[in-house]
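Enquirer: Input: one structure, supplied below.
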Amino acid sequence: MSQNVLDRNGSIVLIGMRGVGKTTLGTIASKALNWPFYDSDLIFEERQKVSVAHFIHTHGWDLFRRIESDILYDILPSNPKGKVIACGGGIIELERNRTLLKKFRDEYGYVIHVLREKEPVLAYLQSSPAYPPFLHETAIEAWDRRATFFRECCSYEFVSLTVPIPQGREGIITPDQTLALKPVETDFFRLLRFIHGVDTNKVLGLGGPRRSYILSLTFDDIRKAIPLLEDLSLGIDVWELRVDLLAEWDLTFISFQVATLRHHSTLPILFTLRTRGHGGRYPDVTPELSDSASIERHAQLLQHALHLGIEYVDIQFGAPESTMRSLLQHKRNSSILTSYTDWSGKLNWNHPQTRVLYESMRGWNPDLMMIVGVAKTFEDNMALRQFVGDRRIHPPLIAVNMGPEGKISRVLNPTLSPLSHPLLPRPAAPGQVSFYEAQTILYLTGLLPPKTFYLLGTPKLRNTSSIPTITITTTTMSAPTIHAINTAFQTLGLPYTYQKFELEKAHENGQLDLEDVGRRLREQMYGGGPHVGEDGVGTGGGSNTHTFGGASSSVPLPLQEGITKHLGLGHVTRHARIIGAVDIITVVPYTPLPSATSATIPTVVAGYCTSNSNGHGHPQTDPASSFGGPTNTTTTVTTLSGDNTAWRAIKSCLLRSLTPSNIITKETTALVLVSGRGGIKGTMATSGSGSIASARGAVYALYLIGVVRIWIWVCNNDVKSGEDVSRGFEGVDGGLLKVRVVQDLGEILRETKQGERDRWALPTMIISAIPSSSFSDHSSGNGLGLQLEHFSDAGGVAIDLDLASPSSGHSDLLKLAKEKRDRGVLWAGVEGIEVLLEQVYEQCRIWTGRRAPKNKVRKRMMTEYEEVWRSWRSLREG
Ligand SMILES: Nc1ncnc2c1ncn2[C@@H]1O[C@H](COP(=O)(O)OP(=O)(O)O)[C@@H](O)[C@H]1O
Ligand SMILES: O=C(O)C1=C[C@@H](OP(=O)(O)O)[C@@H](O)[C@H](O)C1
């Protein structure tokens, strides 16, 4: 690796053993990036007009290698950009090829070594007739011998963990086989996004007011941690992988450990190789005492972290300078943390020497720093806080004390505080506390103020219809969401509560009386008006300032109905402004943003760069999320910020369900079904503006994942509502985004059948914001006219935003998707409850600044919904 900043367009070259999955990954990457794919074996076969195996059988290995090398020299130098290139497994056998690969790597950067578990690959090779036998050695021998060559030539390493792929007929790839590869795609895209800098999966705002935490995985084998990961991840931001504690320090073993952890968790990783002198298990490495082989080995292990695209790499201060320099020089998108752990107890936070130590560590220009001392008295913690002062910001400084007396320093340290967890085999350092304990101490010492959040609901709606609709969700749906969010708060150890916000008045149609809501909200926030200015900015100090945390509404509140003014929103996020609806309100510090009035849609690239679902990153410009977490600073100026969670939930569900075969391109189309203002005759679907806002959320989510051709269809030919859905979206991105309102669903079939040049294809994504009951209640036999013919033969995703019971069989959309799947076309169906769950996770993230404890939240939500669905059933049955 020679350059620290790479051109994102540099071609991706895949190398690795036979059968590990280079062609598979290459095909996936080429589709996602929309780059041509070259496979050296295929080029060979095209040129020689015979299979590789047959050629080797007749002409021998030497001639094959010579021609293969010529192909490499043909394609590599002439395609430095915008291509995905897979090389034959034996390409690294010739030195001249290795030289070329290394040169390419040094100039353009992306040579990825692909690995997979030995056993399944060897079994595959044995069963496949396509491979010629190795010369003078077994496949295992070749495997081991070549590993060094691959590593010598690569800049990155990717482990494609084996997933079970259902058997299919020779030469035919079935939908289920494609779906099986989804986890492989997810893992590979994570690496690609990282190395391209599209999403480096970093914790944002380190050194700022939001508290962040790190958990050391002290296992000797990460596989043991897998069943515990959900519980262990509670409240934390980064996994520390203690490589020194692993059973082996073999590079391949480490690669698989990292891949396994990533396969099960999206959290970023800190790669730490603690030496004995610093409290770890790895032999000490010092420039004076270690031999050159040990120094090199140590450097190689750290370099390996960079090859794996690890987010944070720890290097101990005092490591050989050459190792420090090389790591910092080649870090690219990895962040380097320099650390100093003093086990001797000599470090004195008051002593000038500690300042000298700090300055010399900082002199290396690391991205993060960590200094760990030992507390003998409580005062040592005071000294530590005083030492940290303003030093905590540039670069962010982690400073803690070990030992029982040092516990409090871990609670008070705001940046990536190292925690423990009762489920760990052992704490990584003495005196570590758990996340739950840390929150409790913060609460008891007044540093984590209790908060109350409200669910905006109308007074009891007398619903006599037997059909559940979106409108009545406001009341009937509140209980499960309230329980689910409270479960999240309790699990996270946060002193927060979420409760119903009963209003005195509602409009006749059951809609919220916004003026009333706004008045009551401000009462909660500031103890009644005097502190609130016209602009919605309050100066704090009101009697309830410390308890009001925010509010949410299960029906999106359209911005155009005076909501900003009535609710006193001092800020509305860019997403909510574009969609034109708010469904969550948060108290945020007031920071006027220059972009506060100009809503612009960010540009996106289709495919791989769109999935940031880790849930711990917070856009800096988005106060609702960046300040959502508990802080220890009392803010004097606060305001209410409105945001929208529905689109994020839809986006997550879409990305989760898309398979490698329906990668999004500029040709991808989607269909959004809306009930509109008029509702649907014969049903209770008078969801009005709420349905339009949901549909706008869907359009926005589609657009952000790269879909630029979107059809809108509104019930009853309600063109006006259709225009409300599409308004402002057409022509975005230099005219790239096209939203077309169709009058009847037949139009889509006619359009896609016509042989015009730029015709739209059938949708691979269909999202319905229509109460599902209305599909079948509609007078025409086939509900709204949606047919199997509307579903693309390329497969896709259908999402029904309605919350009918999955077992009630109400949703025609999902029934059709299933029927299509039964016919061998891979259509995934997503129930409304799944979208709602994602929305609840998002709500939790915005209000707490933490990822929701998903398993517990889901369990609670489902239990509550079973109750709701049961009551609906009994209502229907009479
Ligand atoms: N992660 C994986 N899990 C399971 N099977 C895989 C995985 N990656 C690839 N395969 C399968 O292994 C076989 C070889 O993959 P291929 O991409 O042709 O390897 P290569 O190009 O490296 O020789 C194919 O049948 C492919 O479906
Ligand atoms: O290992 C090898 O020497 C070979 C690997 C094959 O490529 P894949 O790794 O793409 O299967 C192909 O070039 C040929 O059969 C020789």
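The values are calculated or read from the model by the stated rules, or taken from the named source; none is laboratory data. A quick note: this is a predicted structure, and the numbers were derived from the prediction, not measured. Cβ coordinates were reconstructed from backbone atoms using ideal geometry, including for glycine residues, and neighbour counts include every protein chain displayed.
Enquirer: Against the definition (of a type in the set (Lys, Arg), in a helix (DSSP H, G or I) and surrounded by 13 or more Cβ atoms within 10 Å (Cβ to Cβ)), how does residue 98 come out, yes or no?
Expert: The answer is yes for residue 98.
Enquirer: Further question on the same structure: Restricting region 705-722 to residues that are at pLDDT 90 or above and outside any strand (DSSP E or B), which is surrounded by the fewest Cβ atoms within 10 Å (Cβ to Cβ)?
Expert: Filtering first and then ranking leaves 706.
Enquirer: Ok, one more. Which numbered condition in (1) in contact (Cβ under 8 Å) with a residue 12 or more places away in the chain; (2) within 16 Å of ligand 2 (Cβ to nearest atom) is the only one that residue 166 fails?
Expert: (2)
Enquirer: Being of a type in the set (Asp, Glu) and part of a loop (DSSP other than H, G, I, E, B) is the filter here; which residues of region 394-441 pass it?
Expert: Residues satisfying the conditions do not exist here.
Enquirer: Against the conditions (1) at pLDDT below 90; (2) more than 10 Å from ligand 1 (Cβ to nearest atom), where does residue 143 fall short? Just the number, please.
Expert: The single condition residue 143 does not satisfy is (1).
Enquirer: Taking the options 199, 237, 250, name whichever one is surrounded by fewer than 22 Cβ atoms within 10 Å (Cβ to Cβ), in contact (Cβ under 8 Å) with a residue 40 or more places away in the chain and either under 15 Å from the mean Cα position of the chain (by Cα) or not assigned by TED's automatic domain parsing to the domain that holds residue 663 (or both).
Expert: 199
Enquirer: Does residue 122 qualify as being more than 15 Å from ligand 1 (Cβ to nearest atom) and either basic (Lys, Arg) or surrounded by 15 or more Cβ atoms within 10 Å (Cβ to Cβ) (or both)?
Expert: no
Enquirer: Would you pick out the residues in region 723-759 that are among the basic types (Lys, Arg) and outside any helix (DSSP H, G or I)?
Expert: Matches in region 723-759: 727, 738, 740, 757, 759.
Enquirer: Just one of (1) more than 13 Å from ligand 1 (Cβ to nearest atom); (2) within 37 Å of the chain's Cα centre (by Cα) trips up residue 85, so point out which.
Expert: (1)
Enquirer: Among (1) modelled with pLDDT of 95 or more; (2) surrounded by 22 or more Cβ atoms within 10 Å (Cβ to Cβ); (3) within 27 Å of residue 448 (Cα to Cα), which single condition is residue 242 missing?
Expert: (3)
Enquirer: Please identify the pairs in which a residue from region 106-134 that is farther than 21 Å from residue 144 by Cβ has its Cβ atom under 6 Å from the Cβ atom of a residue that is within 15 Å of ligand 2 (Cβ to nearest atom) and part of a helix (DSSP H, G or I), counting only partners at least 6 apart or on another chain.
Expert: 130/53
Enquirer: Inside region 267-288, can you point out the residues that are touching a residue at least 40 places away in the same chain (Cβ under 8 Å) and surrounded by fewer than 18 Cβ atoms within 10 Å (Cβ to Cβ)?
Expert: Residues satisfying the conditions are 277, 279.
Enquirer: Which members of region 76-104 meet the condition of being touching a helix residue (DSSP H, G or I) at 6+ places or on another chain (Cβ under 7 Å) and β-branched (Val, Ile, Thr)?
Expert: 84, 85, 91, 92 - these are the residues of region 76-104 that are touching a helix residue (DSSP H, G or I) at 6+ places or on another chain (Cβ under 7 Å) and β-branched (Val, Ile, Thr).
Condition check ((1) more than 16 Å from ligand 1 (Cβ to nearest atom); (2) over 19 Å from residue 100 (Cα atoms); (3) not assigned by TED's automatic domain parsing to the domain that holds residue 325) across all residues:
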position: 20; (1), (2), (3): no, yes, yes
position: 25; (1), (2), (3): no, yes, yes
position: 33; (1), (2), (3): yes, yes, yes
position: 38; (1), (2), (3): no, no, yes
position: 43; (1), (2), (3): no, no, yes
position: 52; (1), (2), (3): no, yes, yes
position: 57; (1), (2), (3): yes, yes, yes
position: 65; (1), (2), (3): yes, no, yes
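Enquirer: Got at least one residue in region 191-213 being under 22 Å from residue 264 (Cα atoms), within 16 Å of ligand 1 (Cβ to nearest atom) and in a helix (DSSP H, G or I)?
Expert: So far as region 191-213 goes, yes, one or more of its residues are under 22 Å from residue 264 (Cα atoms), within 16 Å of ligand 1 (Cβ to nearest atom) and in a helix (DSSP H, G or I).
Enquirer: Keeping to region 125-163, report how many residues are in a loop (DSSP other than H, G, I, E, B), more than 12 Å from ligand 2 (Cβ to nearest atom) and loosely packed, with under 12 Cβ neighbours inside 10 Å.
Expert: Here the count works out to 2.
Enquirer: Which condition number in (1) away from ligand 2 (no atom under 14 Å from the Cβ); (2) surrounded by fewer than 17 Cβ atoms within 10 Å (Cβ to Cβ); (3) not acidic (Asp, Glu) is the one that residue 104 fails?
Expert: (2)
Enquirer: Now for a separate question. Residues in region 276-301 that are within 18 Å of residue 217 (Cβ to Cβ) and of a type outside the set (Lys, Arg): how many?
Expert: 5
Enquirer: Is it true that residue 7 is away from ligand 1 (no atom under 12 Å from the Cβ), acidic (Asp, Glu) and either in contact with an Asp or Glu (Cβ under 9 Å, 6 or more places away or on another chain) or under 25 Å from residue 305 (Cβ atoms) (or both)?
Expert: yes
Enquirer: Does residue 278 meet the test of being under 20 Å from residue 202 (Cβ atoms) and outside the structural domain of residue 187 (by TED's automatic domain parsing)?
Expert: In short, no.
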